[in-house]
Amino acid sequence: MRAAFNESLPLLYQQENGFTDLAKPEGKRMEACAGGQLLILAPWEHHNEKKAIRRGQSLELNDMARALCNQQERG
């Protein structure tokens, strides 16, 4: 992720835990989001448990990312 930031490459970050109502990325991640370089996909509700992302969730997020990319390509 750091190398991609340094190269100003677009990034898609998938996370298992959703956001709280007032959550926002901090520091470089905030700058990257604001600049259109970073998209964080976290469509599930926030929780306080430490959970690893499951394969099914990853596949679902991959489908969402693919749909977003296809939508972007079409304009």
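The values are calculated or read from the model by the stated rules, or taken from the named source; none is laboratory data. Every value quoted in this text rests on a predicted model; they were computed, and no experiment measured them. Neighbour counts are summed over all protein chains in view; Cβ atoms, including those assigned to glycine, are modelled from backbone coordinates with ideal geometry. The accessibility values were calculated without ligands, DNA or RNA, using every heavy atom of the protein model including side chains. Shrake-Rupley method; radii C 1.70, N 1.55, O 1.52, S 1.80 Å.
A search for C-beta distances below 7 Å between a residue of the range 51-67 that is in a helix (DSSP H, G or I) and any residue that is surrounded by 13 or more Cβ atoms within 10 Å (Cβ to Cβ), counting only pairs 6+ apart in sequence or on different chains, returns Q57/E16; S58/Q14; L61/Q14; L61/L41; M64/L41; A65/L12; A65/L41.
Is the range 45-62 home to any residue that is open to solvent by less than 40 Å² (accessible area, probe 1.4 Å) and touching a Cys at 6+ places or on another chain (Cβ under 7 Å)? No, the range 45-62 contains no residue that is open to solvent by less than 40 Å² (accessible area, probe 1.4 Å) and touching a Cys at 6+ places or on another chain (Cβ under 7 Å).
The residue that is most open to solvent (accessible area, probe 1.4 Å), among those in the range 9-22 that are closer than 22 Å to S58 by Cα and assigned to a loop (DSSP other than H, G, I, E, B), is P10.
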